[in-house]
Amino acid sequence: MSGGTGPDAGIIPRVNAEVFARIDKYKAADAAEGLKRSFTVTSSYLEIYNEKLHDLLAGKSKGKSLEVKA
């Protein structure tokens, strides 16, 4: 099952939650030590269907189909 919350959550929501939980943990540790660190998170979600690659985050107007080459 994809999507959902809690124990039924899919891989994407679980990874996102873990990434941001770790960032929060580092920020709290940095604040305790008087440090200031910045974080940048970038992600891509791609689908391969019929040997074509699609960016699932790009809008329909932005999305261009790429070919998968072996």
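Here is the figure for the stretch 1-49: residues that are of a type in the set (Phe, Trp, Tyr) and exposed (fewer than 10 other Cβ atoms within 10 Å of the Cβ) total 1.
Can you name every residue in the stretch 1-51 that is among the aliphatic types (A, V, I, L, M) and either part of a loop (DSSP other than H, G, I, E, B) or touching a Cys at 6+ places or on another chain (Cβ under 7 Å) (or both)? Those that are among the aliphatic types (A, V, I, L, M) and either part of a loop (DSSP other than H, G, I, E, B) or touching a Cys at 6+ places or on another chain (Cβ under 7 Å) (or both): Met1, Ala9, Leu35, Val41.
Values quoted throughout were computed directly from the atomic coordinates according to the rules given, and no laboratory measurement underlies them. Predicted, not measured: the structure shown is a model, and the values here were computed from it. Backbone-built Cβ (ideal geometry, glycine too); neighbour counts: all protein chains shown.
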